[in-house]
């Protein structure tokens with residue numbers, strides 16, 4: 001008996017999926033456990049597994065098209081079965097919406113049509129030759145006038161001296177052709193499921209969460225020195241970001257009010273620390289989670305971040321890899337950004353923005369000395385965290401980073 005394959009809900013936040021590639025084609029034999037297709041969700045590319053044996057009789061969603069949760073995307077059954085009856089009965093059960101309702105995604109459009117000059121524009125196009133007196137030409141050249149824009153009052157429309165002297169150039173018209181010719185091409189891109197979800201979550205966060213921001217400067221001299229020593233013995237290269245993750249996790253254990261979330265009818269304070277690390281990917285941004293970061297040694301944190309970052313780029317993260325963060329870190333320092341304010345990733349109450357480390361002169365012990373300085377900005381949900389709690393957390397974090405031996409204990 002033929003069975004309908006419906007679009008499953010592959011993550012808690014998924015509303016629809018985009019079929020990026022059909023691995024099985026109509027007419028192919030299928031056994032339970034075979035991968036039918038690859039589906040792009042709002043978080044990752046997931047494999048759609050078959051739970052039926054038979055032949056793939058019908059594909060209801062083309063590649064790069066989207067389907068809502070529970071929409072029919074395929075039918076598996078015996079080759080001789082009539083799927084039209086099944087589809088018709090499904091429409092009757094589901095209601096007015098067709099069984100294979102899809103969300104059509106537009107293809108990229110490039111408009112490279114040349115601009116066709118209007119009559120107004122044509123009146124200002126250069127003439128092959130201008131009828132003007134030598135004196136008129138000389139004055140026009142000195143003033144930078146285009147003779148094709150000057151109306152002559154002499155015989156047969158000849159341009160004479162007074163025409164040039166009384167001419168008032170229209171600067172807008174002068175540059176209208178060049179300006180319009182540089183604006184003739186554009187490209188429209190379809191909005192991916194990931195980009196759509198980013199837009200929804202961050203818009204809701206910025207509109208509904210009362211953000212406030214706290215910034216602190218950190219002297220990283222000792223951390224830079226200890227990192228260099230650690231990397232002489234570590235099995236994997238430890239980054240400044242890895243050290244900040246560890247220090248943040250330890251500081252959050254001391255300040256549970258910051259390691260918290262707003263859950264509408266209650267505030268939840270976590271006794272464990274799951275650090276979300278923002279990773280830029282082709283379609284937008286992923287936030288894989290380093291679980292129990294406070295309990296992990298630095299080498300383990302470094303290896304975990306590297307693995308999760310690679311999986312994020314390859315779109316192979318599972319829901320467990322990118323859900324459950326109690327606190328988020330976003331680092332743009334590698335791009336030379338010295339400071340920025342990040343948007344909170346709900347339901348967590350805070351996110352820490354890391355800027356670029358700079359070597360600058362500072363005044364210490366009555367003398368000017370060089371220092372590696374780093375700026376951190378904490379974005380807080382004021383419904384959960386007050387300024388005093390945020391400030392105490394940053395003070396502890398500053399101490400841990402400026403006295404980094406405690407990170408090794």
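The values are calculated or read from the model by the stated rules, or taken from the named source; none is laboratory data. Note that this is a predicted model, so its numbers are computed, not measured. Cβ coordinates were reconstructed from backbone atoms using ideal geometry, including for glycine residues, and neighbour counts include every protein chain displayed.
Quick look at the values:
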{"read-out": "Selection status of residue 326, touching a residue at least 60 places away in the same chain (Cβ under 8 Å) and either more than 25 Å from residue 377 (Cα to Cα) or in contact with a strand residue (DSSP E or B) (Cβ under 7 Å, 6 or more places away or on another chain) (or both)", "value": "yes"}
{"read-out": "Subset of the range 245-261 that is out of contact with any helix residue (DSSP H, G or I) (no Cβ under 7 Å at 6 or more places or on another chain) and either crowded, with 22+ Cβ neighbours inside 10 Å or modelled with pLDDT under 95 (or both) - its residue that is farthest from residue 291 (Cα to Cα)", "value": "260"}
{"read-out": "Members of the range 1-56 that are touching a residue at least 24 places away in the same chain (Cβ under 8 Å), more than 19 Å from residue 318 (Cα to Cα) and in a loop (DSSP other than H, G, I, E, B)", "value": "1, 2, 24, 25, 26, 27, 28, 52"}
{"read-out": "Some residue of the range 369-380 being closer than 18 Å to residue 201 by Cα, in contact with a strand residue (DSSP E or B) (Cβ under 9 Å, 6 or more places away or on another chain) and modelled with pLDDT of 95 or more", "value": "yes"}
{"read-out": "Any hit, the range 194-215, residues being closer than 29 Å to residue 356 by Cα, in contact with a helix residue (DSSP H, G or I) (Cβ under 7 Å, 6 or more places away or on another chain) and exposed (fewer than 13 other Cβ atoms within 10 Å of the Cβ)", "value": "no"}
{"read-out": "Subset tally (residues that are touching a strand residue (DSSP E or B) at 6+ places or on another chain (Cβ under 9 Å) and either part of a strand (DSSP E or B) or surrounded by fewer than 19 Cβ atoms within 10 Å (Cβ to Cβ) (or both)) for the range 216-239", "value": "6"}
{"read-out": "Pairs where the first residue, in the range 288-308, is outside the structural domain of residue 321 (by TED's automatic domain parsing) and the second is modelled with pLDDT of 95 or more and part of a helix (DSSP H, G or I), C-beta under 8 Å, 6+ apart", "value": "none"}
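Here is a yes/no grid of residues against (1) modelled with pLDDT under 85; (2) surrounded by fewer than 20 Cβ atoms within 10 Å (Cβ to Cβ):
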position: 1; (1), (2): yes, yes
position: 15; (1), (2): yes, yes
position: 18; (1), (2): no, no
position: 21; (1), (2): no, yes
position: 33; (1), (2): no, yes
position: 78; (1), (2): no, yes
position: 102; (1), (2): yes, yes
position: 106; (1), (2): yes, yes
position: 109; (1), (2): yes, yes
